[in-house]
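What follows is one structure encoded as structure tokens, with my remarks underneath.
The values are calculated or read from the model by the stated rules, or taken from the named source; none is laboratory data. If you're wondering where the values come from, they're calculated on a predicted model, not measured in any experiment. So basically every Cβ, Gly included, is an ideal-geometry build from the backbone, and we count neighbours across all protein chains shown. Side chains included, ligands, DNA and RNA excluded: accessible areas come from the protein's heavy atoms. Shrake-Rupley method; radii C 1.70, N 1.55, O 1.52, S 1.80 Å.
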Amino acid sequence: KTRLAIAKLLLEEPNLLILDEPTRGIDVKTKSDIYHLIDDLTATGLSIIFISSEMPELINMCDRIVVMNQGHTTGILNRNEFNQEKIMAFATKEIG
């Protein structure tokens, strides 16, 4: 379903794709296929906002991670900066 939904979106030739939990509830093989598709799409210049609650997925797929807490941006990390500890520190940062 996820691959089909992405394929339908690509028919519109977007400049930006927003994927919210695109691999939630799918098997490992399909998850891998989606990762490869995302890599292929970004290689063509398509920008993708990838929203996920799976931290290893974010670390492996993203070039930049924007961490939010209660609707506020608490941190922005580039690939060479992020790891689970830094992401969690921003995710639990007190707002106010």
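Structural remarks
- Within region 80-96, restricting attention to residues that are touching a helix residue (DSSP H, G or I) at 6+ places or on another chain (Cβ under 9 Å) and open to solvent by 70 Å² or more (accessible area, probe 1.4 Å), the residue that is nearest to HIS36 (Cα to Cα) is GLN84.
- Qualifying positions in region 69-79 - of a type in the set (Lys, Arg) and either in contact (Cβ under 8 Å) with a residue 40 or more places away in the chain or open to solvent by less than 60 Å² (accessible area, probe 1.4 Å) (or both): none
- Within region 7-40, being surrounded by 10 or more Cβ atoms within 10 Å (Cβ to Cβ) and either of a type in the set (Lys, Arg) or more than 18 Å from LEU58 (Cβ to Cβ) (or both) holds for ALA7, LEU9, LEU10, PRO14, ARG24, THR30, LYS31, ASP33, ASP40.
- Complete set of residues in region 41-55 that are hydroxyl-bearing (Ser, Thr, Tyr), surrounded by fewer than 15 Cβ atoms within 10 Å (Cβ to Cβ) and out of contact with any strand residue (DSSP E or B) (no Cβ under 7 Å at 6 or more places or on another chain): THR44, SER53
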